[in-house]
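The values are calculated or read from the model by the stated rules, or taken from the named source; none is laboratory data. Quantities reported herein were computed from a predicted structural model and do not represent experimental measurements. Glycine gets a Cβ as well: all are built from the backbone with ideal geometry, and neighbour counts include every protein chain shown. The protein model used for the area step is the full one, side chains on, heavy atoms only, and it has no ligands, DNA or RNA in it. Shrake-Rupley method; radii C 1.70, N 1.55, O 1.52, S 1.80 Å.
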Amino acid sequence: MKAAVLTGVDTPLEIRDDVEVAGPGPGEVQIRVAASGVCHSDLSVQNGTIPLPTPIVLGHEGAGVVEEVGEGVTSVAPGDHVVLSFVPSCGTCYTCTRQQGFLCEQAAMQAMGGLLDGTTRLTSGGAPLHQMACLGTFGSTAIVPAISMVKIPEDVPLEVAALIGCGVLTGVGAALNTADIRAGDTVAVLGCGGVGLNVIQGAKIAGAEHIVAVDRFDAKLDMARDFGATDVVNAGERDAGGAVGELTGGRGADVAFEVIGLKSTMEQAISMVRPGGEAVLVGVPRMDVMLELNAAFTFLYLNKTVKGCWYGSANVAEDVPKLLGLWKAGQLKLEELISREIGVEDVNEAFTAMEKGEVARSVIRYDG
Ligand code: PAD
Ligand code: ZN
């Protein structure tokens, strides 16, 4: 099968036609990947922000059709349509039984770049290939754990379903699950990419009255307005903290989301929150980033809350149908997130387009 393979940090992805797939092992499922979004986290593996072993098939935002199931798999059957989840969710471990499926203990092996037993089912030129997030949706076939997918109705277009797998679950989940947005709130969103636009539409659903979108590209700010932003700030032209202060009579935002992954904007998000408000950190920083916060005037006197947000604090078995319901009810924009449909051989250009702020999401389509 064909796949885009990262062979080392800061090198272009190689498009290979010779990737061999071993059939699914016990508890695993073979997926014909129909579509995959290109997320900043894929780029972050390429540039070393997220360290993973190479060679690796990137891609973690996908949907497809079940082709074959391994021993013991009863949750899905050949022909089923599924959204792939970039965090496995076993439903039975300590965290899953506490409604924190996004922290499933089975995910511990993911940093090794293989499946749940640490090994991989892909080879190229005789050498094993790792799979990002137990998935690897930059390949037309994937062998994935059965606990890394949610069955969906067949009338949901698979390119739309793919986006739910990361950007939508993360962004909308940050607003609906992680944060505590109240009706009438002022919310700030720093970074209006594929994830940030979903934070914006999630904040709108949660009842925020003012949604201030911050980005360095005007084109992204135009998209932000389409997704529900009421005010926009170009961070290259104005200080976002000052702008949010002005819009709130000097008080600050009730909730601010950082959806970029930089130390400076994380600290800015925390500082632009009002006393008693909360900052939600969604962007993935480099591993060595440390934040500098004044303890007294962040946590004590100003009583701010700082929350991390992994995978939209989602429990995929419940949240995927919930998001599809919102989409069917016309409350969630999904098709509008797809700026470009591309082939897997165009993935390097899709990274460039993302860095230049040209797209909400590029979506890879596979033939057949
Ligand atoms: P993206 O590249 O589509 O969007 C990032 C946006 O931030 C772009 O529109 C940029 O123009 C903008 N931006 C960059 N620097 C600045 C700046 N200094 N000031 C203002 N705006 C800026 O990325 P994405 O939306 O796919 O992902 C965003 C982050 O979220 C990224 O760090 C990714 O790794 C992370 C992520 N986290 C999770 C999670 O579970 N927490 C899941 C998926 C993605
Ligand atoms: Zn992602």
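Here 288, 346 are screened, and the one residue that is among the acidic types (Asp, Glu), under 30 Å from residue 94 (Cα atoms) and either out of contact with any strand residue (DSSP E or B) (no Cβ under 6 Å at 6 or more places or on another chain) or surrounded by 12 or more Cβ atoms within 10 Å (Cβ to Cβ) (or both) is 288.
Just one of (1) part of a loop (DSSP other than H, G, I, E, B); (2) open to solvent by less than 10 Å² (accessible area, probe 1.4 Å); (3) more than 16 Å from residue 145 (Cβ to Cβ) fails for residue 12. It is (2). Given the residues 228, 250, which is the only one that is open to solvent by 20 Å² or more (accessible area, probe 1.4 Å) and either more than 10 Å from ligand 1 (Cβ to nearest atom) or assigned to a strand (DSSP E or B) (or both)? Result of the check over 228, 250: 250.
Hey, any hits in the stretch 96-118 for a residue that's part of a loop (DSSP other than H, G, I, E, B), polar (S, T, N, Q) and over 20 Å from the mean Cα position of the chain (by Cα)? Within the stretch 96-118 (the criterion being part of a loop (DSSP other than H, G, I, E, B), polar (S, T, N, Q) and over 20 Å from the mean Cα position of the chain (by Cα)), the answer is no, since none of the residues qualifies. Taking the criterion of being over 30 Å from residue 79 (Cβ atoms) and more than 16 Å from ligand 1 (Cβ to nearest atom), the residues of the stretch 42-65 that qualify are 53, 54, 55.
Do we find a residue being within 16 Å of ligand 2 (Cβ to nearest atom) and either part of a strand (DSSP E or B) or buried (at least 22 other Cβ atoms within 10 Å of the Cβ) (or both) anywhere in the stretch 206-217? Give the derivation first.
Within the stretch 206-217, the subset within 16 Å of ligand 2 (Cβ to nearest atom) is none.
So far as the stretch 206-217 goes, no, none of its residues is within 16 Å of ligand 2 (Cβ to nearest atom) and either part of a strand (DSSP E or B) or buried (at least 22 other Cβ atoms within 10 Å of the Cβ) (or both).
Pairing each residue of the stretch 322-340 that is closer than 15 Å to residue 157 by Cα with any residue that is open to solvent by 40 Å² or more (accessible area, probe 1.4 Å), provided the two are 6+ apart or on different chains, yields C-beta distances under 6 Å for 334/327. Under the condition of being away from ligand 2 (no atom under 13 Å from the Cβ), open to solvent by 20 Å² or more (accessible area, probe 1.4 Å) and under 15 Å from the mean Cα position of the chain (by Cα), the residues counted in the stretch 177-205 number 1.
Looking across the stretch 254-285 at every residue that is within 16 Å of ligand 2 (Cβ to nearest atom) and either assigned to a strand (DSSP E or B) or among the aromatic types (Phe, Trp, Tyr) (or both), the one that is most open to solvent (accessible area, probe 1.4 Å) is identified as 281.
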